[in-house]
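Everything on this sheet refers to the single structure shown next.
The values are calculated or read from the model by the stated rules, or taken from the named source; none is laboratory data. Not measured: the values here are computed from a predicted model. When we count neighbours, we look across all protein chains shown, and the Cβ atoms used for this are built from the backbone with ideal geometry, even at glycine.
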Amino acid sequence: MKKLIILPAIVFSLTLAGCGNGDVNSPISANNAKDTGGGQASGIYQYPFKSAKITYSTTGTNPGESTVYIKGDNSFRESHVVRAGKKEDRLMISKGNLAYTVDLNSKKALKVDNFYYEDLKQIEPSKRMEFLKKLAVGISDPKTDTSTLKSIGTEKIAGHSCDVYDAQEYGKVCIGALGIVLKSSINLEEANVVEDTIATNIQLNIDIPDSKFEVPTGITVVTDVADFYTYGK
């Protein structure tokens, strides 16, 4: 199966607290988690905090808002956007080598493998954040030389400084010292997508229950992409 991750504006935390790149409707997030039980972090992602809650606002083609929760290596994103004139309410839950995209309207969840989790486990801890930064700017191969990857500016978002990078073919991202994408500007002419996503509030080291990272009750889990996207149509 081809490796896929989502655009920062769609996923947003999820690596680097939320981001990646690729198919705008892809169900796979780059930031996934290892469930070690008891709420203890495995440290795969090397975040400089125990937990975080980040809220984002998106304007443009698919306007809306999203909230990202991170605890150790587990991540959860709740988004409410308007896509093609229709309200879309979804969750992205990442745990270990699995990730779930939950459609709150159809009550379906797509369960997929997270290939990047295994990639991260094979990378030295000191180099994992560099790999996540590569994903944020659109480089999915961990062996790619990023010696020419340089910041083109800085911004201050929600009280935190971030470095701006060109994100390959889809726009720009601003990555903070916390390892989180704080802002993304996307321009995909072929997909008719032009939008900006920006962090509006960041809370660190707060109490987040382990239950936050579970698929909600009443949701049917499927593993077939076609079934997930055609359900309810």
Filtering region 197-217 down to residues that are in a strand (DSSP E or B) and either over 15 Å from the mean Cα position of the chain (by Cα) or at positive phi (or both) yields 200, 201, 202, 203, 204
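In this structure, is residue 155 assigned to a strand (DSSP E or B), of a type in the set (Asp, Glu) and buried (at least 17 other Cβ atoms within 10 Å of the Cβ)? Explain how you work it out, then say what you get.
Values: assigned to a strand (DSSP E or B): yes; of a type in the set (Asp, Glu): yes; buried (at least 17 other Cβ atoms within 10 Å of the Cβ): no.
Spelling it out, it is not the case that residue 155 is assigned to a strand (DSSP E or B), of a type in the set (Asp, Glu) and buried (at least 17 other Cβ atoms within 10 Å of the Cβ).
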From the option list 68, 112, 82, single residue qualifying as free of Cβ contacts under 8 Å to residues at least 24 places away in the same chain and in a strand (DSSP E or B) is 82
Looking across region 105-140 at residues that are touching a Lys or Arg at 6+ places or on another chain (Cβ under 8 Å) and among the polar types (S, T, N, Q), the single one that is modelled with the highest pLDDT is 105
The condition of being surrounded by fewer than 19 Cβ atoms within 10 Å (Cβ to Cβ) and either closer than 20 Å to residue 118 by Cβ or at pLDDT 90 or above (or both) holds, among 15, 67, 58, 101, only for 67
Inside region 33-55, the number of residues satisfying the requirement of being at pLDDT 85 or above and assigned to a loop (DSSP other than H, G, I, E, B) is 2
Considering region 177-196, residues that are over 22 Å from residue 64 (Cβ atoms) and surrounded by 13 or more Cβ atoms within 10 Å (Cβ to Cβ), and then whichever is farthest from the chain's Cα centre (by Cα), we arrive at 178
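Residue by residue, here is whether (1) touching a helix residue (DSSP H, G or I) at 6+ places or on another chain (Cβ under 9 Å); (2) touching a residue at least 60 places away in the same chain (Cβ under 8 Å); (3) closer than 18 Å to residue 69 by Cα; (4) assigned to a strand (DSSP E or B) holds:
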| site | (1), (2), (3), (4) |
| --- | --- |
| 88 | no, no, no, yes |
| 102 | no, yes, yes, yes |
| 106 | yes, yes, no, no |
| 119 | yes, no, no, no |
| 123 | yes, no, no, no |
| 134 | no, no, no, no |
| 151 | no, no, no, no |
| 165 | yes, no, no, yes |
| 173 | yes, yes, no, yes |
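Could you grab me the full set of residues in region 70-92 that are within 19 Å of residue 121 (Cα to Cα) and buried (at least 24 other Cβ atoms within 10 Å of the Cβ)?
70, 71, 73, 74, 75
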Scanning region 197-212 residue by residue, those of a type in the set (D, E, K, R) and either at pLDDT below 95 or surrounded by 13 or more Cβ atoms within 10 Å (Cβ to Cβ) (or both) turn out to be 210, 212
